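To keep things clear, I will list the structure first and then write my remarks on it.
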Amino acid sequence: FGMFASVTLSRLECLLGDYTACVSALDPITASWVVQPPRGSEDDVKAMNSEEIVGSVFGAKISMTYHAGVSYLMLRRYKDAARVLGDICATMRRGFKSGQYKNIVGVEQYSKLYDRMIALLAIITQ
């Protein structure tokens, strides 16, 4: 599949400063192809698209959106950066307020990343 490899490649490209490559590394994830469950699996297993698969792993979802937001910001695509970061920040705020994330391993790290994303949103909307 390589979807999580695309997230990691996107992170690497962002850290190296190649922001165009960072955004293009996410193309396989944003494509609208569907992954079918394996034959012989249970009836409650449904087909998922690649965004749903990455979104089901919280750490991958946050990493993907943070690095995409930073890359859009550095490419001066401010509307795209605000959209990406705003969506994940709203989701995380609801999760922190409701206590949904208190049982997730590494919640302190996610909280720090949330603060960084809020700071980026403040820069973008300035």
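The values are calculated or read from the model by the stated rules, or taken from the named source; none is laboratory data. What you see is a predicted model, and the numbers here were worked out from it, not measured in a lab. Every residue, glycine among them, receives a Cβ derived from its backbone with ideal geometry; neighbour counts consider all protein chains shown. In case anyone asks, the SASA skips ligands and DNA or RNA and just uses the protein heavy atoms, side chains included. Shrake-Rupley method; radii C 1.70, N 1.55, O 1.52, S 1.80 Å.
How much net charge surrounds ASP87 when only other residues with a Cβ under 14 Å from its Cβ are counted (Lys, Arg +1; Asp, Glu -1)?
+3
Roughly how tilted is helix 3-16, in degrees to the nearest 10 and between 0 and 90, from the longest Cα axis of the chain?
20
Using a Förster distance of 22 Å, how high is the FRET efficiency between PHE4 and ASP87, based on the Cβ-Cβ distance and rounded to 0.05?
0.65
Go ahead and estimate [θ] at 222 nm for the chain from helices alone: -39,500 (n - 2.57) per DSSP H run with n ≥ 4, summed, over the residue count, rounded to 500.
That comes out to -22000 deg cm²/dmol.
Could you tally up the Lys pairs in the chain with alpha carbons closer than 29 Å? Skip any pair fewer than 8 positions apart unless they're on separate chains.
10
Of all alpha-carbon pairs in the chain, indicate the percentage at a distance above 25 angstrom.
Taking all Cα-Cα pairs of the chain, the fraction more than 25 Å apart is 29 percent.
Which value, in Å² and to the nearest 10, is the accessible area of ILE88 when all protein chains are kept and the probe is 1.4 Å?
We get 10 Å² for ILE88.
List every residue whose amide H lies under 5 Å from the amide H of ASN49, counting only residues 5 or more places away in sequence or on a different chain, with H placed 1.01 Å from N in the peptide plane.
Amide H neighbours of ASN49: VAL35.
In the chain, which cysteines lack any other cysteine Cβ under 4.7 Å from their own?
CYS89
Which whole-number percent is the relative contact order of the chain (Cα, under 8 Å, 6+ apart)?
Once divided by the residue count of the chain, the mean separation gives 21 percent.
Given a 1.4 Å probe and the protein chains all in place, what does the accessible area of LYS112 round to, in Å² to the nearest 10?
140
Report, to the nearest 10°, how far helix 107-125 tilts away from the longest principal axis of the Cα atoms in the chain, using its own Cα long axis and a range of 0 to 90°.
That works out to roughly 50 degrees.
Rounded to the nearest 20 Debye, what is the dipole magnitude of the chain about its Cα centre when Lys and Arg each give +1 and Asp and Glu each give -1 at the C-beta?
The calculated dipole for the chain is roughly 500 debye.
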